[in-house]
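Here's the structure we're looking at; comments come further down.
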Amino acid sequence: MYENLPIIPTSVIGSYAQPGWLHLVQKAAAAGEFGQQDLKEAEDDAVDAALRDQEDADVDIITDGEMRRVGFFTAEFYHHMTGLDTREQSRKSGVGGHDQREKYLALEPLGSPNGLGLLEEYQYVKTRTDRPIKMPIPGPFTLSGRIDGGKVYKDRMEVAWGLSSLVNAELKRLVAAGVQFIQMDEPSMSVHSSTPKEFVDLFNKTVEGVDAYISMHLCFGNYLGRPVAKRTYKPLLPHIFDMNLKEYALEFANRELAELDILREFPEDKRIAVGLIDVKNYYVETPEDVAERLRAVLDVLPPERVTVTPDCGFSQTARWAAKRKLQSMVAGTKIVRAEIS
């Protein structure tokens, strides 16, 4: 995957800041004022804008910005599933929080006969760029967090196992279409870290038979720019070392580089995508800030195992800030590349 890229390549996690007008388009579409073709045209244009910002910043591995997803995973994925009914949120007004997000009830075993929508995302983005493309997808445990198992599934983990086969089928569709780099997003594993061994079994089953370069993104939440966990990876170690993957994508900038030392414990045959841009903060890092953080990473990891990314996706960040942060991320990485070359 990384053979033809510079040492210490740069990437994004997945989502990118949406243009302001896209929110208006999505709201109009939900109200029936736009047809499906209108919405597709707008989302195509939004993908083009996300690609342009990433390429202008000279990011090495890019995504489509998840512009077709209303949020990180939210309703777009559930609308592709059968066996669900919508439930009322417990709180609809006041300060925004996770308890205001959509909820579903399982009425029967879950299915997705037409896939989860990622193949359609890839089919467009591959025609719009020559750069390496990473396809992010929420993992089954994170997806299970919005679903009440009802009488079908006894608990959240059983819902996650039910979703595992749906995600696995989607991954195989992507590989068959030519996708080489897949990132599984599982922030819920970091948030609910009390059963790490079962997480490993679930992850390995979900990627079984998927012939691709697989990365695993573990963060501490970013809805409305807020974490939602005790921010430590230690409870997951050493269990996650048994995951069948090539790379871990981890959050460090927002935590002021806390726990960098634990990277010494990670298997030497795995890469680490280190989050060095704080997407939850409107302080815009300078290139030298990024270079300083990266030098600290290289005190514990060899450059051949390091990729530089933001902590999380930029979906909760204003576009003006996301553009400047991406530019600083790449410029700071280039400073350190020059120092070690």
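Structural descriptor for the chain: relative contact order 19 percent, calculated from alpha carbon pairs under 8 angstrom and at least 6 residues apart. Couplings 3J(HN,Hα) for segment 242-247, derived from phi with the Karplus relation 6.51 cos²θ - 1.76 cosθ + 1.60 (θ = phi - 60°), are 8, 6, 7, 8, 10, 8 Hz, where x marks Gly and Pro. Computed 3J(HN,Hα) for segment 126-133, one whole-Hz value per residue from the Karplus formula 6.51 cos²θ - 1.76 cosθ + 1.60 where θ = phi - 60°, is 5, 8, 10, 8, 9, 7, x, 10, glycine and proline marked x.
Sorting 205, 151 by the number of Cβ atoms found within 10 Å of their own Cβ, with the fewest placed first, yields 151, 205. Residues whose amide H lies under 5 Å from that of residue 87, counting only those 5 or more places away or on a different chain, are 103, 104, 105; hydrogens are built 1.01 Å from N in the peptide plane.
Placing pseudo-labels 7 Å out from each Cα toward the beta carbon at residue 92 and residue 173 gives an inter-label distance of 3.2 nm.
Please check the chain for the longest run free of chymotrypsin sites (Phe, Trp or Tyr not before Pro) that are loop-located per DSSP (anything but H, G, I, E, B) and have at most 15 other Cβ atoms within 10 Å. It would help to have the intermediate numbers written out before the result.
Values: sites that count: 282, 283.
Result, exposed sites excluded: 1-281.
In this structure, the amide hydrogen of residue 146, modeled 1.01 Å from its nitrogen in the peptide plane, lies closer than 5 angstrom to no residue at least 5 positions away or on a different chain. Using a Gaussian network for the chain with springs between C-alpha atoms less than 10 Å apart, which of these wobbles most: 145, 65, 275? Comparing 145, 65, 275 in the GNM, the peak value goes to 145. Here segment 198-228 and segment 1-62 have alpha carbon centers that stand 21 Å from each other. Listed cross-link partners 103/151; 134/323; 103/126; 134/270; 154/197; 172/197 are compared with a 22 Å cut-off, the Cα-Cα value being larger for 103/126; 172/197.
In this structure, the amide hydrogen of residue 17, modeled 1.01 Å from its nitrogen in the peptide plane, lies closer than 5 angstrom to those of 314, counting only residues at least 5 positions away or on a different chain. Footprinting exposure proxy ranking of 311, 201, 60, fewest other C-beta atoms within 10 angstrom first, gives 201, 60, 311.
Laboratory data are not the source of any read-out in this text; all were calculated from the coordinates shown. Every value quoted in this text rests on a predicted model; they were computed, and no experiment measured them. Backbone-built Cβ (ideal geometry, glycine too); neighbour counts: all protein chains shown.
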